[in-house]
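Trainee: Below you will find the structure I want to go over with you.
The values are calculated or read from the model by the stated rules, or taken from the named source; none is laboratory data. It should be emphasised that the depicted structure is a prediction, and the values quoted were computed from it without experimental measurement. When we count neighbours, we look across all protein chains shown, and the Cβ atoms used for this are built from the backbone with ideal geometry, even at glycine.
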Amino acid sequence: MDSTDAPSRLEPLWRWIERRLPNLLRRHRFEPLPITLNQRRVYIVPSGFGLFFAVVMFAILIGALNYQNNMALLFGLLVVSIAAVSMLQTFRNLDQLSLVQVAADPVYAGDQVPIALHLRAADGRPRYGVSLRLGSLRRHIDLAAGAIVVVHFTAPALRRGWFSPEPATISTRWPFGLFHAWSHLHSDVRTLVYPRPETPAAPLPRNPEGGRQGGTDPGDEDLRALRAYAPGDPTHLVAWKASARMGELLVRQLEMPRSRETVFDYGQITGLDREARLSRLTRWVIEAEQAGIPWRLKLPGIDLGPDSGPAHRLRCLKALALHALPDPRH
Amino acid sequence: MRSPILATRPFEWLLLAFAATLAPYTLWLPIWYSALLYAVLGARLVQRRRFARPWPGWVKFPLLAAILVLVVWEFGDPRSRQTGTAALLGLTALKLIEAERRRDGFLTATVCLFLVSVQFLFEQGMGVSAYMVIPTLLCFLALNECAAPPGTRGGIADEFGRIGRELGLLLLVALPLTVFLFFSTPRLESPLWGTVETPAEGRTGLSGTMSPGSITELIADDSPVMRISFAGEMPPRASLYWRGPVLWHFDGIAWQASRSFLGRSNANTPGPTRAGEADLRYRVLLEPTDRRWLFLLDYASGIPPETLRLIDGQVVHEQPVKQVISYEAAADLDAPVPAGPFIQEQRGEALRLPPQRNPQTLEMARQWRAEIGNNPLAIAGRALLHFNEQPFAYNLSPPPLTRVDRVDQFLFDTRIGFCEHYASAFVVLMRAAGVPARVVTGYQGGTWNPVGQYLLVRNSDAHAWAEILVPGQGWVRIDPTAAIAPERVDRGGQAFAEPSVWRAGGWLEGVANRFDAMRAWWNETIVRFDHLRQRRLFEDFGLDIRDWRQLGLWFGIGMIALALLSALVFWSRRDRREDPARRQYLRVLRRLSRLGVATPDSEGARSLAARIESERPELAGLLRPVCEAYETSRYGQSGQADAQRLEEAVTAFLAGTPRR
Amino acid sequence: MDHHTPEQLTQALAAAEAQINQVVLGKSAEVRQVLVCLLAGGHLLLEDLPGVGKTTLAHAVAATFDLDFSRVQFTSDLLPSDLVGVSIYDQATAGFRFHPGPIFAQLLLADEINRATPKLQSALLEAMAEQQVTVDGTSHRLPQPFVVVATQNPVEQSGTFPLPESQLDRFLFSISLGYPDERAEKALLGASDRRAVIAEARPVLSASALTALRALAEVLHASPAAIDYAYALIAATRKDRRIRIGLSPRAGIGLMRAAKAHALLARRQHVVPEDLQAVYVAVARHRLVLASDASGDGASIARELLAQVPIP
């Protein structure tokens, strides 16, 4: 499919085909937004019903010619003409339709990526009965003249890293179901899939220089870092088991003295494979941000922070998502 | 994968489409059958509104069996066209009973379209044809509803304002295409397979017998029989005798065609088929009669091909006339019909009378014969004189003849009647006087239509006259009615019919004439367009339709023209009716979107300017004045100055930005 | 305090807006909405959690516009007479004397209106609609201008009586303040007590000036194109499948009035589409009755319609 894979002698041919029929070849190619459909990218064939209809119409016309019945012939030709012209309308129902925006939000691996396709009729005509398919999901919409219609899909995010939604197929059979017109929409929009946060959560590392050892019993460790509950403490920090034992509300003490900082160091986590380490780091980043602790994230070749706040978290999550992955575009 | 559920709306459109398709069939379907089908449709509509579920098998299958059995029982031959059509109508109704899926909807709509075309096998008149547009459009509306995916509106019918426009555009292109294809589709010279015989369906018109009252019925019937255009001037109406069936056999009450070979249709008689130079030439467009006979002026010196001339002078077609046909003929007006072969058999048949009937008539005829001798024309003249001298009257509602000797009763008692009485009595008189005579039925005269420049003959112009055999001349036409009521022949049968607003002169007659001219045009141009006429049409364009290359060229030209038309219709600019300020602004928006800037319709000019400020600062400087001027001229209490400012700003923007 | 020309009036209006923004920090968009509602002569519904500054806002508005302010905390045991007042026998005059209730104010803050009984709600809403109250057969005219700022909690809670749709229609605007952003909240924490700030606020516009401004807004030019757009926005709510009951004609009139007020605040001589867009969500969100299977709330659907309806 890709022109670069083709032998060099065929390259002009491929280029020509690609120029004429971009849709056929670019099914697996990313395109920048907005993608506007035109006659080179909309394909149209008779539907199954259209073929059946053609057979019936052929029978009517042959019968009319044979019996020299001009009214039946005139009628049959009228129906055939309407059917033929409806092909133009089917095509026109997609022509100049534009994918103006694809919104895909970052998620954690294993979640569903929400994908919102923003469609608009660029030439100000209304559209009817347009179907969109992404993966196994189908949506059917009408578009008012000039309006932007948002179509929501979800797709499973299986692995961390860049996630590109698979191409959406846009199709229509309007007005009479006789023809099927379709095109592929493959935008270059991508989103990040962060590593799945580890569950159950491992406690945050306490020591700036020493990450926690995985696999130690967290219960004992917690006991050393408990303090009495003070109003305003986040509830997720309450150590319920310990509280039950001690008879008063205790919270895990996470806050470090001001002079020290929390360091989440990839290299300090041992005994886990790469993905598990990233999962744990992800969890820590999330928790640290929720607790309002400044933190520093160390990955091989990357050192972020110390800092706090949502922006820092996003920076860290991006680094975690893309750790040791090649960028598919380069 | 199962087809999606058929929603209520498409289903009801489908039901409506089928009901409309069924309507013209009710004209010939038995009333109980139409009522049954409509009842099933009604019940189905009510039921499906309550809950969408097909009817159970114990309803469906007995209904199916009942419909099939009743149809075969009613129409007899299971292979006839009527039976097949009636059964298909029933099956379609039953399909609707179980239609719950979209594919059922597609199927039913297609079958409905098929049924619309089948209807034309039975009737091709202009009225029915015009009506058939309704079920056709309904079928497409139903298809449109069925094709809309779930959750979308899609329905043309639903939003007739906006989508109806789309349908209108579609028809705008489809109709010229239809007309082009109609005239261009090569017609077959002979059918690929045999035509199916259809029984007569009770058309009105001359019946081939003449019993009391049969012509009165016709005289009340205004429907057209034929339209005639003459090559030259129209001859005087009094010479226009359109010859139809010749009646020989009289049983005392009714006249019938000869029971011997004389009246048989396979009895051909040679005669001139090419007209002489001085003969009257004319062209007839005959409405379907379901009979073989054609109506020609006497004496038919030129008869159309594919016709036979019978021994009694009648001209018949090879097949019954089931569609409008046209033929050309020539006449040597008022010339006697040559006696032809089998003269002895003809004489014998033309002298036969029912035995023991009408003694008074026989007696009078014998006296004339004794007085005048063997001079047929003189005897005929005596009879006409008799009709003239005695108090005979012409009246379309004569007192009924009830006695066994009906001719006696008419000639000596009631003396009131019209053409059938006079023709009948006259022929009886002639035969009794030893003059061979026969009754000829047909039409006399007609109405000149100045709009269409043709003569319209209606059933109300039906007439009966007599012919006597004159040795050396042949069969000479004698019209006894003309002796009683010359105005019948001069002004036509309508002179005696009930007065009608459509004939009273004035504008209504003009409307009637126009309408009939349209009907004539329809029959001539559409219904009768066959391979000969098509060839002639193409010859006008200098094309030979039998040459495939020329035909291909013709199609190519036509298709290019239609492609241009559709481009014009579908891709024309659509901001023509816009406000002038908006039109200017839209030019800028188009340029912007070509430059890769999204310009949603829901964004105001002010917001657009603000957005461009940050997104494409290089465009902002030129765009800002445009947006400001547009806003004031469109939303402010603007004057000419604002419009001017906008135009300048737009010009500056378009000049200052790249096209691509 | 005295303003005569339209220019002076609109300048004073800008000053008033600035002053309110000093009191209510980080809510300039919402303050703008409140002023639009005030200028359009409508009542305001605030849907919010307690403690986000509704009272402060109402106070600031009252102080800035020199309006009599009263606040009523609605509860289920509050009686109509507690709100509108009561006639008491006065022995000195030997007759009934009307003691006006807290509703006799120019700006009434009706807190948690959905906690009141339907009877009390309808008493308030009748007063809002008719600008008068009737006690024991006698009608008492409410002070002018009369503005109700009602609040209700967005969370479904037990012991509440949700307002029926017909009564929600009486509120021109429904807005939500929401939490202040980070900077504003920090400023709040660091700054002095809001009550002190309000006490410092001096009247910038008189109540009569407000009436004059309302009249100015009323006569602002709305072009046919703007009216077309307003109609399209209203019609869109009646066609949308997710909406069971769309905007009423009254809401349409309100939309136009609010857009004019918004244009006046922006010192424009005419209504532009952005004015309609700015007020549309506040006008529509509480009035849209959604179909049972619709996802999202009135505000999100209204925002979506804004993105869909083309400007004619």
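Trainee: Residues of region B:529-540 being touching a residue at least 60 places away in the same chain (Cβ under 8 Å) and surrounded by fewer than 18 Cβ atoms within 10 Å (Cβ to Cβ), which ones?
Mentor: Selection gives B:Asp530, B:His531, B:Gln534, B:Leu537.
Trainee: Has region C:248-258 got at least one residue that is within 14 Å of another protein chain (Cβ to nearest Cβ), under 30 Å from C:Ser295 (Cα atoms) and without any contact (Cβ under 8 Å) to a residue 40 or more places away in the chain?
Mentor: Scanning region C:248-258 turns up at least one residue that is within 14 Å of another protein chain (Cβ to nearest Cβ), under 30 Å from C:Ser295 (Cα atoms) and without any contact (Cβ under 8 Å) to a residue 40 or more places away in the chain.
Trainee: Is there a residue being on the phi < 0 side of the Ramachandran plot and within 13 Å of another protein chain (Cβ to nearest Cβ) anywhere in region B:538-554?
Mentor: Looking for residues that are on the phi < 0 side of the Ramachandran plot and within 13 Å of another protein chain (Cβ to nearest Cβ), one finds none in region B:538-554, hence no.
Trainee: Ok, one more. Look at region C:299-312 and say how many of its residues are buried (at least 21 other Cβ atoms within 10 Å of the Cβ) and away from chain B (no Cβ under 14 Å).
Mentor: Selection size over region C:299-312: 1.
Trainee: Kindly indicate whether B:Gly205 is closer than 26 Å to B:Phe418 by Cβ and modelled with pLDDT under 75.
Mentor: Yes, satisfied.
Trainee: Still on this structure: For region C:62-105, how many residues are crowded, with 16+ Cβ neighbours inside 10 Å, touching a residue at least 60 places away in the same chain (Cβ under 8 Å) and either acidic (Asp, Glu) or over 19 Å from C:Val23 (Cβ atoms) (or both)?
Mentor: Count: 1.
Trainee: Okay, moving on. Within region B:306-314, does at least one residue satisfy the condition of being surrounded by fewer than 16 Cβ atoms within 10 Å (Cβ to Cβ), more than 14 Å from chain A (Cβ to nearest Cβ) and closer than 26 Å to B:Thr481 by Cα?
Mentor: Among the residues of region B:306-314, not one is surrounded by fewer than 16 Cβ atoms within 10 Å (Cβ to Cβ), more than 14 Å from chain A (Cβ to nearest Cβ) and closer than 26 Å to B:Thr481 by Cα, which makes the answer no.
Trainee: Tell me which residues, restricted to region C:64-79, are within 17 Å of C:Phe146 (Cβ to Cβ) and not polar (S, T, N, Q).
Mentor: Once the filter is applied, which keeps residues that are within 17 Å of C:Phe146 (Cβ to Cβ) and not polar (S, T, N, Q), region C:64-79 yields C:Phe65, C:Asp66, C:Leu67, C:Asp68, C:Phe69, C:Arg71, C:Val72.
Trainee: Given the structure, is A:Phe52 among the aromatic types (Phe, Trp, Tyr), within 11 Å of chain B (Cβ to nearest Cβ) and in a helix (DSSP H, G or I)?
Mentor: For A:Phe52, the condition - among the aromatic types (Phe, Trp, Tyr), within 11 Å of chain B (Cβ to nearest Cβ) and in a helix (DSSP H, G or I) - is met.
Trainee: Of the residues that make up region A:94-115, is at least one surrounded by 23 or more Cβ atoms within 10 Å (Cβ to Cβ) and assigned to a helix (DSSP H, G or I)?
Mentor: Within region A:94-115 (the criterion being surrounded by 23 or more Cβ atoms within 10 Å (Cβ to Cβ) and assigned to a helix (DSSP H, G or I)), the answer is yes, since at least one residue qualifies.
Trainee: To continue, here is another question. Could you tell me which residue of region A:124-138 is surrounded by the fewest Cβ atoms within 10 Å (Cβ to Cβ), considering only residues that are within 24 Å of the chain's Cα centre (by Cα) and in a loop (DSSP other than H, G, I, E, B)?
Mentor: A:Ser136
Trainee: Do you know which residues across region A:69-107 are within 10 Å of chain B (Cβ to nearest Cβ) and of a type in the set (Gly, Ala, Ser)?
Mentor: A:Ala72, A:Gly76, A:Ser81, A:Ala83, A:Ala84, A:Ser86, A:Ser98, listed by residue number.
Trainee: So A:His186 fits all but one of (1) farther than 30 Å from A:Gly50 by Cβ; (2) touching a Lys or Arg at 6+ places or on another chain (Cβ under 7 Å); (3) not hydrophobic (A, V, I, L, M, F, W, C); what number is the exception?
Mentor: With (1) farther than 30 Å from A:Gly50 by Cβ; (2) touching a Lys or Arg at 6+ places or on another chain (Cβ under 7 Å); (3) not hydrophobic (A, V, I, L, M, F, W, C) applied to A:His186, the lone miss is (1).
Trainee: Please state which of the following conditions C:Ala282 fails to meet, knowing it meets all the rest: (1) touching a Phe, Trp or Tyr at 6+ places or on another chain (Cβ under 6 Å); (2) closer than 20 Å to C:Val31 by Cα; (3) surrounded by fewer than 22 Cβ atoms within 10 Å (Cβ to Cβ).
Mentor: (3)
Trainee: Basic (Lys, Arg) and more than 18 Å from A:Phe53 (Cα to Cα): is that true of B:Arg81 in this structure?
Mentor: yes
Trainee: Okay, moving on. Test of understanding: among B:Leu595, B:Leu608, B:Leu623, which residue is at pLDDT 85 or above and within 14 Å of chain A (Cβ to nearest Cβ)?
Mentor: When all the criteria are applied, what remains is B:Leu608.
Trainee: Taking the stated definitions as given, is B:Ser239 touching a residue at least 12 places away in the same chain (Cβ under 8 Å) and closer than 21 Å to B:Ser397 by Cα?
Mentor: no
Trainee: Any residue in region C:262-273 that's farther than 14 Å from C:Arg214 by Cα and within 12 Å of chain B (Cβ to nearest Cβ): show its pairings with residues that are among the hydrophobic types (A, V, I, L, M, F, W, C) and buried (at least 22 other Cβ atoms within 10 Å of the Cβ) at Cβ separation under 6 Å, as long as the two are six or more apart or on different chains.
Mentor: Here the result reads C:Val271/C:Ala226; C:Val271/C:Ala259; C:Val271/C:Ala263; C:Pro273/C:Ile311, each pair linking region C:262-273 to a residue that is among the hydrophobic types (A, V, I, L, M, F, W, C) and buried (at least 22 other Cβ atoms within 10 Å of the Cβ).
Trainee: Here's a check for you: in region A:160-201, which residue that is buried (at least 24 other Cβ atoms within 10 Å of the Cβ) and among the charged types (D, E, K, R) is nearest to the other protein chains (Cβ to nearest Cβ)?
Mentor: A:Arg173
Trainee: Quick one: C:Ile234 ticks every box in (1) at pLDDT 85 or above; (2) farther than 30 Å from B:Pro150 by Cα bar one, so which box is it?
Mentor: Failing condition for C:Ile234: (2).
Trainee: So, in region B:88-112, exactly how many residues are touching a Pro at 6+ places or on another chain (Cβ under 8 Å) and within 12 Å of chain A (Cβ to nearest Cβ)?
Mentor: The number of residues fulfilling the criteria is 3.
Trainee: Here are some residues: A:Leu61, A:Leu65. Which one is farther than 22 Å from B:Phe570 by Cβ and more than 7 Å from chain B (Cβ to nearest Cβ)?
Mentor: The conditions single out A:Leu61.
Trainee: Also, I was wondering about something else. Considering every residue within region C:278-296, establish whether at least one is acidic (Asp, Glu) and not in a loop (DSSP other than H, G, I, E, B).
Mentor: no
Trainee: Can I ask one more? For region C:106-208, give me every one of the strands (runs of 3 or more DSSP E) that falls completely inside it and has 1 or more residues that are modelled with pLDDT of 80 or more and loosely packed, with under 12 Cβ neighbours inside 10 Å.
Mentor: C:138-141
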